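Step one of this worksheet: look at the structure below.
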Amino acid sequence: MGSIEIKALAGAGRARDLLVDILIETVAAGGSVSFMHPLAREAAEAFWEKSLQAAARDERVVLGAWDGDALIGTVTLLLDFPPNQPHRAEIAKLMTSVDQRGKGVATSLMRAAERLAVEKGRTLLVLDTAAEEGASGLYEKLGFTLTGEIPDYALKPHGGLTGTLIYWKRIGPA
């Protein structure tokens, strides 16, 4: 793998198509990212179309990790919160191509999302991950604090229930 370049994604076209591919692959591999297997391409396209439209309205930022021309990962930084929560952001939809896992892609994406949140004046990041087969080890390595678990929170992509783990991290200036 060459050097990873992280950049914000926008609009339709090739990047959206590659995001669709990563989402379908992630769900097929058991990733708990709000969808069930098998995920229809049309449903994945509709999700990313809506997400990228929200990014165009500055309600979120969709980051992509690129290795040359290959999109190998993504994470979304949610920014659209009520007036009493302008200080926080949420991490969502962290996904790495199956063949790129364990190579630092997710860590690079998370660090970029955190830097971006700080640039946008956010001082608190929150996220959740599946209790089974989620990325809790990564988040704890990156300094997130576990608040607790909600049992039976969601269906796993191939069936059965899983809990969700809730994490937070203070970022930026105090």
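The values are calculated or read from the model by the stated rules, or taken from the named source; none is laboratory data. The shown structure was predicted, so the numbers you read here are calculated from the model rather than taken from an experiment. No Cβ is skipped: glycine too gets one built from the backbone with ideal geometry, and neighbour counts run over all protein chains shown. When the accessible area is computed, the model is the full protein with side chains, heavy atoms only, and any ligands, DNA or RNA have been set aside. Shrake-Rupley method; radii C 1.70, N 1.55, O 1.52, S 1.80 Å.
Mean shadow of segment 72-146, computed from the convex hull of its alpha carbons, in nm²? Let's see the in-between values first.
Values: hull surface 20.9 nm².
Average of the hull's projected areas for segment 72-146 equals 5.2 nm².
What part of the accessible area of segment 1-139, given as a whole %, is carbon or sulfur when the probe is 1.4 angstrom? Walk me through the intermediate numbers first.
Working: 3180 of 6570 Å².
Taking all protein chains in place, segment 1-139 shows 48 percent carbon and sulfur surface.
Compute and list, largest first, the equivalent-ellipsoid semi-axes of segment 27-105 from the alpha carbon gyration tensor, each √(5λ) rounded to a whole angstrom. Don't jump to the answer; show the numbers that get you there.
Numbers: eigenvalues 110, 53, 33 Å².
That gives 23, 16, 13 Å for the three semi-axes.
Would you work out the relative contact order for segment 1-160, in percent, from Cα pairs under 8 angstrom that are 6 or more residues apart? Before the final figure, lay out the partial values.
Details: 239 pairs, mean separation 40.5, N = 160.
Reported relative contact order: 25 percent.
Could you provide, to the nearest whole Å², the per residue accessible area of the chain with probe 1.4 Å?
Details: 8810 Å² over 174 residues.
Spelled out: the 1.4 Å probe surface of the chain, per residue, equals 51 Å².
Given points 7 Å out from each Cα along the Cα-Cβ axis, report the Thr107 to Ser34 separation in nanometres with one decimal.
It works out to 2.8 nm between the two label points.
Need the list of lysines near Lys93 for cross-linking: C-alpha distance under 19 angstrom, and skip anything on the same chain fewer than eight residues off.
Once the sequence-local lysines are set aside, what remains near Lys93 is Lys7, Lys50, Lys103, Lys141, Lys156, Lys169.
On full extension of the chain, what length is gained from Val98 through Glu149, given 0.36 nm per residue of separation minus the C-alpha to C-alpha distance? Before the final figure, lay out the partial values.
Details: separation 51, 0.36 × 51 = 18.36 nm, distance 2.61 nm.
So the chain would gain 15.7 nm between Val98 and Glu149.
Put a dot 7 Å past each Cα toward the Cβ at Arg14 and Asp69; how far apart are the dots in nm?
Placing both labels 7 Å beyond Cα along the Cβ direction yields 0.6 nm.
Could you work out the helix-only [θ] at 222 nm for the chain, with each DSSP H run of four or more residues adding -39,500 (n - 2.57) and the total divided by the number of residues, to the nearest 500 deg cm²/dmol? Let's see the in-between values first.
On the way: 4 runs with 52 residues, N = 174.
Result for the chain: -9500 deg cm²/dmol, rounded to the nearest 500.
For the chain, divide the Cα radius of gyration by the Kirkwood radius and give the resulting Rg/Rh value with two decimals. Display every interim value, and only then the final one.
Values: Rg = 15.4 Å, Rh = 16.4 Å.
Using Cα coordinates only, the ratio equals 0.94.
Could you please state, rounded to a whole Å, how far the C-alpha centre of segment 129-165 is from the C-alpha centre of segment 1-60?
20 Å
Obtain the nm distance between the two label points defined at Arg115 and Asp58 by a simple spin-label model: each point lies 7 Å from its Cα along the Cα-to-C-beta direction.
Spacing of the two 7 Å Cα→Cβ label points: 2.1 nm.
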